[in-house]
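Comments concern the structure below.
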Amino acid sequence: MAAKINSQMKTLFLTAWYPHRYDAMAGLFVRKHAEAISCYAEVCVLYLHTDENIKKFEIIEQNFKNVREVYVYFPFIHNKFLAKISKAINYVRAFFKGYKIVKKSFGKPNITQVNVLTRNGVLAYYLKLIQKIPYTIIEHWSRYFPQNKTYNGWLRKCVTEFVVKRAEVLMPVSTCLKNAMANYNLSHNQTIIINNVVDDFFFEKVKEKEQRIKKRILHISCFDEKAKNICGLLNAAKLLYDKRSDFELVVVGTGRDFEMCYKHYENLNFPQNVIKFIGEITPKEVSNWLQNSDFSVMFSNYETSCVVVMESLASGVPVIGTPTGIVPDSINETNGLTVDFNDTNDLAEKMNFMLDNFEKYDAEIIRKEAKKFSYQSVGKKMFEIYLRFCNK
């Protein structure tokens, strides 16, 4: 990821989601955006996290690769009458404590990058108002989708609309998310789609693929049935198995609905070794599974981006996916097929077709098109956007 870094460009990330001491996977895509822009500019992340296990503020400074990270953990009061107001006050106090450290060790930012609305948008607007630091917004949250229905509250909507309108740029991670936000009047005359980032090792060619008797279909998800529709995928696999038995479906991941989905699988009475659940694995192991699969499937009801589709394409593996997340932006005749939402018959037909035709998809063409998801490509695009608006 080597690139010439502009030391005159200091970018401050304010983010609601980020890996922290209680969850190393939370907001990992935000850290990857920070890494991507760190190829071209100096980056500091300020992350504020409520912590019921502490009684006073704790500040942790560290470096993650080229990214400076400032964590502020702040106490939480367990009192139904004081909890909300205490959390709000301590959140603001945490910000000022953290920003003081940022200015001391990193310097005054040229631009603020807001990741996930709404509170950090308010903080960024404060910096713009008081210190004349412009801000941009990258949004990842699925709450704007009608299937999710968690974007509620008059005050929240008013404040969110306010900070979006005053940003320099709005950067949703897919056209689908852009359209969902626009339905709530969260649009901007400077709106640019910014992709999430895929780790470099997904682009590497596997030296030698394993020998298999059966063709392999791969599904990767976090087992949130409301969003991922894993039971629907299993239903389609059962329809497919009624036609042919020369395949296996490997399901990667775990989550809150794992037991429910596994029970549904048992009720479908598949023969042994048709469906394989392998649980949670590392990103590098995901890459290995993709490289040794014939195609991947995403049957989600909604996605803001869907990184696993990006990872499949980076691996040169064709995708069958519903028209959500990046699928409408990126899936075409060269790299996969689109399947109707919740239509198990359509999915079974598309999987049946792909089992006979996956070899016709050129892995090198797929991988080349997916370079837009690399650290270098995403970082360069972000950097060029910042150059238009930052205080230099």
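Throughout, read-outs are computed from the coordinates displayed, never taken from laboratory work. Remember, it's a predicted structure, so these values are computed and weren't measured experimentally. Glycine gets a Cβ as well: all are built from the backbone with ideal geometry, and neighbour counts include every protein chain shown.
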Can you compute the radius of gyration and Dmax for the chain, using only the Cα atoms, both in Å? 22.1, 66
Note down the Stokes-Einstein diffusion coefficient of region 240-318 in µm²/s, whole number, using a Kirkwood radius over alpha carbon pairs, 10 °C, and 1.306 mPa s. 113 µm²/s
Check each of the chymotrypsin sites (Phe, Trp or Tyr not before Pro) in region 284-392 and keep only those in coil by DSSP with at most 16 other C-beta atoms within 10 angstrom; list them in order. Phe341
How large is the direction-averaged shadow of the alpha-carbon convex hull of region 26-80, in nm²? 4.5 nm²
For a quick check: sort Thr334, Thr282 by the number of other beta carbons within 10 angstrom, fewest at the front. Thr282, Thr334
Counting other Cβ atoms within 10 Å, which trypsin sites (Lys or Arg not before Pro) in region 242-284 have at most 12 and lie in a DSSP loop? Lys243, Arg244, Arg256
Most positive-pole-ward Cα, Phe203, Ile77, Val297, against dipole of the chain from beta carbon charges: Ile77
Where the Cα pairs of region 309-392 fall when distances are cut into 10 Å bins, in %: 17, 40, 24, 13, 5, 1
Restraint check, Lys56/Lys157; Lys84/Lys157; Lys178/Lys284; Lys32/Lys276, Cα-Cα greater than 21 Å: Lys56/Lys157; Lys178/Lys284; Lys32/Lys276
Only bridges with both residues in the chain count here: give the DSSP antiparallel percent, nearest 5. 15 percent
Here the longest stretch of the chain that holds no GluC sites (Glu not before Pro) in a DSSP loop having at most 10 other beta carbon atoms within 10 Å is 53-207
One point scatterer per Cα, no solvent, Debye formula: log10 I(q)/I(0) for region 218-355 at q = 0.18 Å⁻¹ comes out as -1.00
Can you pull the Rg over Rh of region 132-250, Cα-only, Kirkwood? 1.13
